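The next block holds one structure in the form of structure tokens; read it before the comments.
What follows is calculated from the coordinates using simple rules that are stated; it is not laboratory data. No experiment lies behind these values; they were computed from the predicted model shown.
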Amino acid sequence: MKSSKCIVCEEKKEQGIHIIEAFVCEECEKKIVTTETDAPLYNSFVEKLRSIITVKEEIAN
């Protein structure tokens, strides 16, 4: 199986999800969905996921 670089942890992993052209590894996906909105990591996850919008806009242009 081919590995992809996770947009959150920036490590190459084989298991995870592809969203548009971005990849989120299984471990980060689990952390994202279980992190409370008031946790310090939450804003970091939001910023990383916002990069998907940039990728989508680049594809559209």
Q: Among the residues of segment 1-28, write down those that are closer than 12 Å to K48 by Cα and either small (G, A, S) or outside any strand (DSSP E or B) (or both).
A: C6, I7, V8, C9, E10, A22, C28
Q. Tell me, which residue of segment 29-48 that is of a type in the set (S, T, Y) and outside any helix (DSSP H, G or I) is nearest to S4 (Cα to Cα)?
A. T35
